[in-house]
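Heads up: the structure comes next, in structure tokens.
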Amino acid sequence: NVHGPFKDANILRAEFASAMSEMYRTEVPLYGDLIRIVHDINNASVVASANDELIADTAALRASAERLTLERHGAIRLGTPNELQTVKRIFSVLGMHPFGYYDLSVAGLPMHATCFRPSQVSSLDLNPFRVFTTLLRPELLKSEEAKAQALALLGKRKIFTDRLLQLLDIAQSRQNQLTEEQAKEFIPEALLSFSWRPVAAATLKQYEILKNEHPILADIACFQSAHINHLTPRTLNISAVQEAMKAAGMEAKSRIEGPPRRKCPILLRQTSFLALEESIKFRKGLSENDAGLIEGNHKARFGEIEERGAAVTAKGRDLYDRLLSESLTKSVKASPEEAEVIFSDVFKQFPDEWKDLRQQGLIYCEFRCVKKEAIHSMTQDDRLPLLEQLISEGFVKASPITYEDFLPFSAAGIFQSNLQSSKNTSGGPELHAANADPSGFSSSLGSEPTDINSWYSQQQQSSLEKVAWELGFTVA
Ligand code: OOG
Ligand code: NI
């Protein structure tokens, strides 16, 4: 019987994220170096931006260097609906829920994804840890042999311990809560599912067959765990980190994914250091008698950084997608430096002043009432929407809402650069015909991920309602 207060999910998530980070730093020491670089640059950026009106205005950037560097996401790749459903239960105990559907077939990858993250802004503020989680789509594999081998391996493996499954049952019977004592056990048990195992579940031959179909398939199906493949701290200045990575001798991805550098950051920019070649032991054969092991190599794990900007509306996202595809088309044969110029040039069509972005309905904002005195003596100017007049007369302040989610094409670029041999990294992913299957994903997950657009627009709307209430208006 369980007594006593339950562990707070926000605290449990923070402890889990920090244990995962420690695990990953031990597994991939280069990640520790990356964290130090990011921390130094964030410190400098926070100092430099303290008096910068433009930056101080951005909700996206209201954070201390400590909190910023703490912020990180991770990524895992799963093989079966059952693994996805169990991972959903693990994350639910940590206060993380599925947000958004990502179709990675746009980049020719046989998978789709969601992101598990906190659903309340207050929880994100306490600890914003999130995990980009992809699921294999066997129906998109071309080779029947590779597909059969992959499904056989996946059908046999057990990536969750019995004790973890027991703890999940206990939590589920109590609104996903655990006692302090159970939580202590839960963290290492859950981490095991995401840790690196030095012995593969596959033979070298199986690994080769799967890798030949797609390197990502080998990574998903040949191992005993759903190893975390990267962790990502957030930075205020991704371009500076990219330079510092190169200066420290790290092999950085040649292009930063996402929108080009701008005055008013939008969405998400990402870059990574490339995956390391690691030695791993493969099984000689799959029967008990073939107990021997063979040395081999695998490349999967890397470190990434992200710079977050404002969340864009559906209209803003359409514009972003259009400019992205225009930039990609124009830069097919370009070097990374030329591509940067092309992107900046094409993206001139995306307004770069907060006021314009807001007035044209391209971004989501949080509105706050900052002054109430003399509101009744204000005469309404018919040429302006009321909200804009309230902003220009200093009653209301608008801050862009931080984008908390991901971009499928950028994700594909991150995937791609970590799949290819490191010498061939200048080319990003190519655009493929989309082949999305959101309802297939929902049925694998056992529920529908939250729609991200509704989530941001709900946040904007509730801030407006609060402003209206404080100023004594009614909202339409
Ligand atoms: C996931 C890549 C996507 C991101 O930040 O966009 C991702 C993966 O490589 O498994 O993490
Ligand atoms: Ni990532």
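Laboratory data are not the source of any read-out in this text; all were calculated from the coordinates shown. Since this is a predicted model, take the numbers as computed values, not measurements. Positions of Cβ are backbone-derived with ideal geometry, glycine not excepted, and every protein chain shown enters the neighbour counts.
A compact table of results
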read-out	value
The chain: relative contact order in percent, alpha carbon pairs under 8 Å with at least 6 residues between	19 percent
Average Cα contact separation per residue, the stretch 186-308, under 8 Å, 6 or more apart, as relative contact order %	30 percent
Kirkwood-Stokes translational diffusion coefficient of the chain, alpha-carbon pairs, 37 °C, 0.692 mPa s, µm²/s	138 µm²/s
Where trypsin sites (Lys or Arg not before Pro) fall in DSSP loop in the stretch 117-193, at most 14 other Cβ within 10 Å	LYS142, LYS158, ARG174
Listed residues GLY296, GLY258, SER399: farthest to the positive end of the dipole of the chain (Cβ charges)	GLY296
Mean-position separation - Cα centroids, the stretch 263-340 and the stretch 82-143, in angstrom	16 Å
Dipole magnitude of the chain, debye to nearest 20 (Cβ charges: Lys/Arg +1, Asp/Glu -1, about Cα centre)	620 debye
Ellipticity estimate at 222 nm from DSSP helix runs (n ≥ 4, -39,500 (n - 2.57)) divided over the chain, nearest 500	-13500 deg cm²/dmol
Extension reserve of the SER335-GLN175 stretch, reckoned as 0.36 nm per residue once the Cα distance is removed	52.3 nm
Theoretical gain in end-to-end length, ARG262 to GLU393 [0.36 nm per residue, Cα-Cα removed]	44.4 nm
Ranked list, fewest to most other Cβ atoms within 10 Å of each Cβ, for SER399, SER410	SER399, SER410
Taking CYS264, CYS365 and counting other C-beta atoms within 10 Å, the order from fewest to most	CYS264, CYS365
Relative packing of 200-206, 341-347, 377-383, 95-101, which averages over residues the other C-beta atoms within 10 Å, highest first	95-101, 200-206, 341-347, 377-383
Using alpha-carbon coordinates, inclination of helix 29-49 to the longest axis of the chain, degrees	10 degrees
Degrees separating the helix 204-213 axis from the principal Cα axis of the chain, which is the longest one	40 degrees
GluC sites (Glu not before Pro) within the stretch 279-322: DSSP coil, no more than 13 neighbouring Cβ in 10 Å	GLU288
Filter on LYS211/LYS330; LYS184/LYS281; LYS355/LYS466 - keep pairs with C-alpha separation over 25 Å	LYS211/LYS330; LYS184/LYS281
C-alpha long axis of helix 180-193 to longest principal axis of the chain, angle in °	60 degrees
Selected from ILE238, GLN149, SER462, residue furthest toward positive end of dipole (the chain; charges at beta carbon)	GLN149
